[in-house]
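The values are calculated or read from the model by the stated rules, or taken from the named source; none is laboratory data. Keep in mind it's a predicted model, so treat the numbers as computed, not measured. Methodologically, a virtual Cβ is constructed for each residue, glycine included, from the backbone with ideal geometry; neighbour enumeration extends over all protein chains shown.
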Amino acid sequence: MIRWTSRVFGVFGIFLITAVFAACGLQDQGKPSEAGTVSGSITTPLEGARVYIYREGDDIYSAAAAVSEPADQEGNFTISLGPGRYVAVVRKRISGDMTGPVKIGDYKSAPTEFEVDGNRSVKMDFTATVKVGNEKAFSTRSGPGDTGISGTIFDVDKAPVAGIRVNVYEHIQMSERPKYVSGKTGPDGRYTALLRKGGTYYIAARDRFGGPPQLGDLYGRYDEGTIDPSGVVIRKGEILKDVDITVHKVW
């Protein structure tokens with residue numbers, strides 16, 4: 001049995017969105033510039049949407065490194081950035097606020113990685129979809145040849161916990177939306193998360209769907225007692241069993 005314990009560590013949960021990304025490098029022929037231009041469009045088009053820029057590895061739900069001006073009537077935007085690797089997210093809040101959680105009725109795109117290389121221009125086109133709720137269908141039944149992970153969620157007293165989902169991430173920062181999410185645990189605390197492919201993943205468990213953990217929430221992750229999360233290797237065509245996670249109340 002693999003027994004996972006965890007420390008409370010804020011990460012942010014899942015939003016149901018899609019994005020289309022295209023990047024091309026166009027070398028300026030004139031004097032080199034210290035900043036590149038990032039431009040593109042936001043469909044449908046989405047007038048008034050903003051592009052939020054984060055440095056690679058930063059939490060995309062913290063303060064952005066840069067924010068574009070609102071997109072025009074055709075959904076076009078432009079922003080200047082220094083050289084580096086970034087993550088872009090489109091958001092439009094119906095309230096008109098620039099910050100705060102994305103709520104039902106607001107728009108948001110998927111996080112998109114890109115790089116600015118000095119005097120190069122980057123073209124990015126986004127599709128931002130409206131948030132219609134906090135629930136989605138989750139596949140929890142496993143069969144022969146399936147790939148996934150299963151186990152039991154416990155509290156600090158080693159009792160099974162109901163109502164917990166396991167979020168599966170591809171990156172150690174766990175700041176992106178989860179790649180896979182399990183259904184809620186029942187009274188026995190059991191969960192199964194099915195994956196499309198094997199690989200190294202980073203796992204967190206929580207009782208609330210979406211947004212950062214709040215005071216009173218139950219949260220846990222696999223970290224082997226270290227500050228940084230530790231990865232778990234899952235082979236294609238196998239269900240890694242008895243992966244138990246202990247959740248703690250956030251204080």
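Couple of notes before you dig in:
- Looking only at region 88-104, and only at residues there that are touching a residue at least 40 places away in the same chain (Cβ under 8 Å) and aliphatic (A, V, I, L, M), the one that is surrounded by the fewest Cβ atoms within 10 Å (Cβ to Cβ): Met98
Conditions tested, residue by residue: (1) under 28 Å from Tyr169 (Cβ atoms); (2) in a loop (DSSP other than H, G, I, E, B); (3) more than 18 Å from the chain's Cα centre (by Cα).
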position: Ile42; (1), (2), (3): yes, no, yes
position: Leu46; (1), (2), (3): yes, yes, yes
position: Ile53; (1), (2), (3): yes, no, no
position: Ala64; (1), (2), (3): yes, yes, no
position: Glu69; (1), (2), (3): no, yes, yes
position: Asp72; (1), (2), (3): no, yes, yes
position: Thr78; (1), (2), (3): no, no, yes
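- Residue list for region 185-202, filter: on the phi < 0 side of the Ramachandran plot and in contact with a strand residue (DSSP E or B) (Cβ under 6 Å, 6 or more places away or on another chain): Thr185, Asp188, Arg190, Tyr191, Thr192, Ala193, Leu194, Leu195, Gly198, Thr200, Tyr201, Tyr202
- Of all residues in region 145-165, those that are closer than 20 Å to Tyr201 by Cα and assigned by TED's automatic domain parsing to the domain that holds Ala193 have Cβ atoms under 8 Å from Cβ atoms of residues that are outside any loop (DSSP other than H, G, I, E, B) and polar (S, T, N, Q), 6 or more apart or on another chain, in Gly148/Thr192; Ile149/Thr192; Ser150/Thr192; Ile153/Thr246.
- Within this structure, Gly163 passes the test of being in a loop (DSSP other than H, G, I, E, B) and at pLDDT 85 or above.
- Reported count of residues in region 37-74, each being over 26 Å from Asn119 (Cβ atoms), modelled with pLDDT of 90 or more and surrounded by 15 or more Cβ atoms within 10 Å (Cβ to Cβ), is 3.
- The set of residues in region 181-216 that are buried (at least 16 other Cβ atoms within 10 Å of the Cβ), of a type in the set (Val, Ile, Thr) and not in a loop (DSSP other than H, G, I, E, B) comprises Val181, Thr192, Ile203.
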